[in-house]
Structure formats: structure tokens, C-alpha cells
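The values are calculated or read from the model by the stated rules, or taken from the named source; none is laboratory data. What you are looking at is a predicted structure, and each value in this text was computed from that prediction instead of being measured. Neighbour counts are summed over all protein chains in view; Cβ atoms, including those assigned to glycine, are modelled from backbone coordinates with ideal geometry.
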Amino acid sequence: MFQKLLKQNKPSWIFPSSKGLQLESVNNAAIETFKSNPLSSLAREICQNSLDAVDDLNQPVIVSFDAFNLPSNEFPNINEFKSIFKDARHTWQNRNGQVIEFIDRAEKTLNTSAIPILKISDYNTKGLEGAERRDIGTPWSTLIKEKGSSNKSDTSGGSFGIGKAAPFACSDLRTLFYSTCIYENKERYHIGVSNVMSFEKQDQSVTQGVGFYSLGEFTESIQGDLEFIKHPRTEKGTDIYIAAFNKQVGWQEAIIESILVNFFITIWKQKLIVKVGNQEINSDSLGTYINKLPDQGIFGDTKDYYELLTSNETVMIPIKQDDYGKEFGYDDDEAILYLLKKKPANRRILMTRSTGMRLFEQKNISSSIYFTGILMIEGKHMNVDFKKMENPAHDDWSPERYIEDPRKAKRMLSQLKRYNKEKVIELFQEKVTDEMDAVGISDFLPDTNMTNAIGSVEKKETMNKKIEKVKIKKQTKSKKTSVTQIETTTDDFETIETEPDVMIGNIIDGDTGGGKNTETDGSPGEGTDEVGQGGGTFDVEPDDNGEEHQIPTPHKKNLVHPKHKIISTNATTGEYALMIKSDRGIKNPIIEVFIIGEQSDATVEIKDVEMNNEKQLFTKNRFQCNAIEKNTLTKINIAVDFDKLVRIGVKVYESKK
């Protein structure tokens, strides 16, 4: 009894145990989440947590990263800690090879003369309040004693509680030491956490997988400083020591890159300063560090965004509730959209919330406008709503996560993205001139001196106005088909420049089907390809007078998917230019034309079709033309019986006739 009481008054390694507990192996799901990119994840999660704990909002949070070697004999109760792995080996030997490999690595580390440590410190933070008591829900309890919980504010960066596992992924011992200074009297507390595996004790009880260097059976915090701390903290904040730091090669560069990519906005706003070894990244040095980044990939995008923040040409748009958000109770200026027209540019808008941490990018905004943008959500109401949509990785917003009303959340997100897209087009779309270069068609045509399948292209596209034949047709009611939504772009067509008053169809990728396709984005649409009353063969169908049409009815099994784009050349006369490029030849293609509606598609009758200055046969809403050659851009002029500006869609079928 005396020995037990004595142990409770002295720090020791304690793994709570009980009989009948489930054995935990070394495969911790939360830790595994961060193993693919541990240093980048570490920097992102640490800085996010420190920003959420800011003390003085008028001063920046400071986060520092420093590495050093700790003599093994200074590791807290190292012999007791070694005995844990001996017990674990006895439990798992010949039962789990992965656990034994981990134990081998841990014992090898503990038997060296020095153990590498990464120290992470933050300043101008509140410290881990609640360290002096056992209350659930305090910052201390949430970080150290609770699993999968978070007590952060509605506007904070994190909320799932798994980010605290990131440091463990950087430790060969899966062991951390926390030391915090709280309150005005600068009280200091510390504890060790070892996130390893369960093992059986001599009394046949089973431990949990997490143990603590702490006081007593309640694993309470230890007042004072860790024994190996040479310079005690004198201001509020928290220190984290990663024992057996396993990423010693290139760690400074990796952490700096992560900081620049994820927190350049926060640093630019003077809300964060990061020190990595002897290097300091602040608002003054930020540009120097960003300029050193490579030009490719996410680093190139970061350079684009930083140029936007520092350019005199940047347009800043505070979002007014009448334009977006009134329906959801948002006030004026709860978000600010920054846009910069530049070339080259990534054509994306980076989405961020109050902390300024990088979340994700809105893409597929325009294939013809060179720009870059940042949306910063600053207001409390928007932050609360969009935080509820955020996934644990903090790199996406999903309306399904908004438990109270997912349908409302879907409107919030879709309307915000639509606002962003419309602002880009409104500000940067080229204006229509009296004579235009066929709405940019020449941008992607070969030299006019070259001969190709398209033939010559005049500066102003018109249809042949000469009347070849007059045929009176009975007016029929448009047949409704299911709605087709198109939201994809293709790099081959990105050079097409369009005018704001010229209606175009988006570039359709080869994988996109027709009918009930509801989401393309480069992937095959779901649903069916509804093409009318075809009987499975290329039969002809009679017209209203019993005469046979010249164009056979196609069958959906012959539907093909070349890349194509439709451009309005004269809406009042129903004239459109269809551009097609296929990665394989298409014999005797039959092409159906229809109007894309908001709720449903509608058939539209063709008045005229011309390809390579030759008239093509057509019947009602379909026509047949010459073969489309492989990898050759083919241009077809179409006139339809509709004198309003509409969105035209097509379906292409291969024919043997």
C-alpha cells in the first residue's frame, strides 16, 4: 500500500487496464491518416490549432519548430518505458508481425545514446486550459484525454479532433510530451502521451493502447516543467516535444513549403509568424520565400495567389447580401472575393475561411478567361455555416455534412460558386464588337494557308442566305426529353474566346453521354441515352405526308462521344457553328440537335446544314454528314427553326448507311 501511494505521488508511465478490454494493435486509424505526408500534415495541423487558441487578436500567433538531441538517460523514466515494450513483445510475439516490427524499432531507438526531438512551441495563445483539473471538455482534456472530440469555437479552423494525431505520425516511439503555461500566474503543467498498443499485464488484465507519463491512477497532469527543459517558458502557450522524431532529413524545407502553401494568406494578414530553425516567415519575408518555390503544381498556384494579394490590378469585391446570402441570413461583407486578370494564370478561386488556411479551389469557371482568385469568408454567420460543411481533412465542403438542412447547404454552396463564376465573366469577359473573329474560332484553327478538313474560315460567320428549295412543314409540338446538364471543360478547346452576349454550349468531353446525364466533370454520365422511338435498326420513318425521310433513325447503341463545342453565330436566325474533334474516325455520322432546357430538353427542327461549303441532308432534328476524320477538327454550320438565344446540344451516332 505504501509503495502504491508513493508511486501516485511520483510521475510514472501508466497504461490504464482492465480485464476483458479489446486489444489495440499499432494500426491507429487517426495516425495512419497523416502518414502519407507527415511533415506537411504536422505543420498544417499545428498552426491551425495554435491559431484557434489565439490570446490577443491584435497580435500575431507565433509558432516555432526546433530540433535537438536528448541524451537517452534524460528521457523521463526510460527504464520503466522500456519495460512496456518487453510486456508488449510477450503479448504479441508470433501473433502480429507488424507489432513486433514496431517494438524492434522502438527498442533500438531507446537503446541509442541520444533520442532526436522536435520541439514545437506557440506564443500569443491561451495555453491548454484545464490542465490543473480533470474536467471533461477543457482544451487540456480534449487534446490529451479525449478521442475524436473538439471544443473549438464555431468559427475555428478545426472541429473533428483528429488533427491532434498528426505529431504521432512523426515519432518512431509514437510518444509526445506536452508542456503548457496557463493563466496570468504562469502556472506550468506537463504530461507524456504514448500512443502505441495494448498489452497483457501479469494480473491478466489488458491495457488500453494509450499510456501517460503522469500522476496517479487518474493520469493527472504534473505541475512544473519537464526535467529535460533547459529554459522554462515564461509566457502563456504550449510546447510539444515529438520523441524519436523520424523525419530529420529535409524537415525544415518540408515544413516551410507546407506553411507557405497552407498559411500564406494568414501570414499576409499578419495573423501568423512561423519560425523554422533559424528562419522566420512573416509578412515582410513572405514574398521572398514564395518566390523560391517551384513554378509547377500547387507551388505555382500559390505564386499566382500571392501575386493577386500584392498586385495593384487586383479587384476586391465585398459580397453584398442582395447579390448573395440574404436568403441565408448573411450580412453585407461577410465574404470578400479577390480577382486578378493575368496571363498565364491557374483559372481558379481559392476558398478560405476566417483563419485564412488553404481549403480547396473552385475550378471549371472559364476555359477562355485567364484569371486567379481568392474567396475569403470573414463573417461569423458564413463561417459557422461553411465550417459545418467542412470535411475532416479541411479540403472540401460537402452539403451532406450540414446535418440541420443539407438541401439548404447545397443552395448555399451552389449559389456561392455561381456568384464567383458570374463575377469572373462579368469583369473579364471580352466585349462583343461589330465584327468578330467568329467568336474566337481562329484561336484554335491551324494556319489559314494550311489545308484541312475545316476549310477556309471567314472573319464573320454567316449562313448561305440563298433559298435553294421551299418546303412547307406542319408545325409540331416539341417533344420533351430529360434535362442534360453540362459542366465540363477540355484542354483541347481552352483557347476558344467567347463574347458575353454570344450563347455557347460548353465543351463536351468524349466520355459525356446524353439523356439523364446529371454530372459530367470528365466522367461518364449516369442514366440512359434517350433517343426517341428507334427500333434498334437504321430504319427511316415517314413524315406527316407518309413520305420517307432521307435520314435514318439512329439507335442508342451506336452513340459515340467525340469532343465538341457549339457556338451561336446569329441567334436571331438560329445559326450555330458545331466544332467536333474525335480520337477515332466516325463513319457517316448522324447528329441529333436539341435545345438544352433548365428542367428538360426539347427537340428543335433543322432549317439548314452546311459542311465544307456543301449542303448536308437533314430530317427534322437530325442530319447526316461526311465522315469525321480521326484527330481532325471538323466545323459544321447549322441553322435551326428557333429565333431566340438558346443552349444547343447534340448527340452523335455512327452509321453504316
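When 74, 107 are checked against the criterion of being free of Cβ contacts under 8 Å to residues at least 60 places away in the same chain, more than 30 Å from residue 257 (Cα to Cα) and acidic (Asp, Glu), 107 stands alone in meeting it.
Hey, among the residues in the range 293-302 that are surrounded by 12 or more Cβ atoms within 10 Å (Cβ to Cβ) and not aromatic (Phe, Trp, Tyr), which one's nearest to residue 347 (Cα to Cα)?
Filtering first and then ranking leaves 301.
Annotation note: of 207, 180, the sole residue that is closer than 20 Å to residue 140 by Cα and in contact (Cβ under 8 Å) with a residue 12 or more places away in the chain is 180.
Here residue 370 fulfils each of the conditions (1) modelled with pLDDT of 95 or more; (2) surrounded by fewer than 17 Cβ atoms within 10 Å (Cβ to Cβ) apart from (1). Residues that are at pLDDT below 95 and small (Gly, Ala, Ser): does the range 243-256 have at least one? Yes, the range 243-256 contains a residue that is at pLDDT below 95 and small (Gly, Ala, Ser). State all residues of the range 68-127 that are of a type in the set (Ser, Thr, Tyr) and out of contact with any strand residue (DSSP E or B) (no Cβ under 8 Å at 6 or more places or on another chain); if no residue qualifies, say none. Within the range 68-127, 83, 112 meet the criteria. Of all the residues in the range 231-250, those that are more than 18 Å from residue 277 (Cβ to Cβ), out of contact with any helix residue (DSSP H, G or I) (no Cβ under 7 Å at 6 or more places or on another chain) and outside any strand (DSSP E or B) number 5. State which residue is farthest from the chain's Cα centre (by Cα) when the search covers only the range 8-59 and only residues that are charged (D, E, K, R), more than 23 Å from residue 138 (Cα to Cα) and surrounded by fewer than 16 Cβ atoms within 10 Å (Cβ to Cβ). Filtering first and then ranking leaves 10.
Tally up the residues in the range 252-285 that are more than 24 Å from the chain's Cα centre (by Cα) and either of a type in the set (A, V, I, L, M) or crowded, with 21+ Cβ neighbours inside 10 Å (or both), please.
Counting residues in the range 252-285 that are more than 24 Å from the chain's Cα centre (by Cα) and either of a type in the set (A, V, I, L, M) or crowded, with 21+ Cβ neighbours inside 10 Å (or both) gives 4.
Restricting 242, 229 to residues that are closer than 24 Å to residue 127 by Cα and buried (at least 21 other Cβ atoms within 10 Å of the Cβ) narrows the list to 242.
Checked against (1) within 13 Å of residue 650 (Cα to Cα); (2) without any contact (Cβ under 8 Å) to a residue 40 or more places away in the chain, residue 607 passes all but condition (1). Is the range 89-96 home to any residue that is charged (D, E, K, R) and within 22 Å of residue 167 (Cβ to Cβ)? No - not one qualifying residue is present in the range 89-96. Going through (1) touching a helix residue (DSSP H, G or I) at 6+ places or on another chain (Cβ under 7 Å); (2) among the hydroxyl-bearing types (Ser, Thr, Tyr); (3) farther than 25 Å from residue 193 by Cβ one by one, residue 288 falls short only on (1). Here 327, 361, 313 are screened, and the one residue that is among the acidic types (Asp, Glu) and within 21 Å of residue 283 (Cα to Cα) is 313. From the list 429, 362, the lone residue that is modelled with pLDDT of 95 or more and either buried (at least 21 other Cβ atoms within 10 Å of the Cβ) or not hydroxyl-bearing (Ser, Thr, Tyr) (or both) is 362. Applying the selection to the range 83-99, what residues are modelled with pLDDT of 95 or more and either farther than 20 Å from residue 204 by Cα or of a type in the set (Gly, Ala, Ser) (or both)? Answer for the range 83-99, where residues must be modelled with pLDDT of 95 or more and either farther than 20 Å from residue 204 by Cα or of a type in the set (Gly, Ala, Ser) (or both): 83, 88.
Residues to consider are 6, 70, 51, 57; find the one that is at pLDDT 90 or above and either part of a helix (DSSP H, G or I) or among the acidic types (Asp, Glu) (or both).
Every option except 51 fails the conditions.
Among all residues of the range 613-621, there is at least one that is without any contact (Cβ under 8 Å) to a residue 40 or more places away in the chain, in contact with a strand residue (DSSP E or B) (Cβ under 9 Å, 6 or more places away or on another chain), surrounded by 20 or more Cβ atoms within 10 Å (Cβ to Cβ) and part of a loop (DSSP other than H, G, I, E, B). Of the residues examined, residue 367 is one that is touching a residue at least 60 places away in the same chain (Cβ under 8 Å) and closer than 23 Å to residue 430 by Cα. Among the residues of the range 319-358, those that are in a strand (DSSP E or B) and of a type in the set (A, V, I, L, M) comprise 335, 336, 337, 339, 340, 349, 350, 351. Screening residue 79 with (1) under 29 Å from residue 25 (Cβ atoms); (2) not in a helix (DSSP H, G or I) gives one miss only, at (2). In the range 298-320, the condition of being more than 26 Å from the chain's Cα centre (by Cα), polar (S, T, N, Q) and over 24 Å from residue 62 (Cα atoms) is met by at least one residue.
If you go through the range 622-638 and keep only what is surrounded by 15 or more Cβ atoms within 10 Å (Cβ to Cβ) and outside any loop (DSSP other than H, G, I, E, B), you end up with 622, 623, 624, 628, 634, 635, 636, 637, 638. Against the conditions (1) at positive phi; (2) under 39 Å from the mean Cα position of the chain (by Cα); (3) among the hydroxyl-bearing types (Ser, Thr, Tyr), residue 189 satisfies every one except (1).
One residue stands out among those in the range 559-609 that are part of a loop (DSSP other than H, G, I, E, B) and acidic (Asp, Glu): the one that is modelled with the lowest pLDDT, which is 598. Screening 591, 595, 586 for residues that are more than 15 Å from residue 655 (Cα to Cα), of a type outside the set (Phe, Trp, Tyr) and buried (at least 19 other Cβ atoms within 10 Å of the Cβ) leaves exactly one candidate, 595. The number of residues in the range 11-27 being assigned to a loop (DSSP other than H, G, I, E, B), touching a strand residue (DSSP E or B) at 6+ places or on another chain (Cβ under 6 Å) and closer than 24 Å to residue 75 by Cβ comes to 2. Candidates 310, 288, 314: the one that is surrounded by 14 or more Cβ atoms within 10 Å (Cβ to Cβ) and among the hydroxyl-bearing types (Ser, Thr, Tyr) is 314. Do the conditions hold for residue 216, that is, is it in contact with a helix residue (DSSP H, G or I) (Cβ under 6 Å, 6 or more places away or on another chain), of a type outside the set (Asp, Glu) and modelled with pLDDT under 95? For residue 216, the condition - in contact with a helix residue (DSSP H, G or I) (Cβ under 6 Å, 6 or more places away or on another chain), of a type outside the set (Asp, Glu) and modelled with pLDDT under 95 - is met. In the range 183-205 there is no residue matching the filter, namely being modelled with pLDDT under 95, of a type in the set (Val, Ile, Thr) and in contact with a Lys or Arg (Cβ under 9 Å, 6 or more places away or on another chain).
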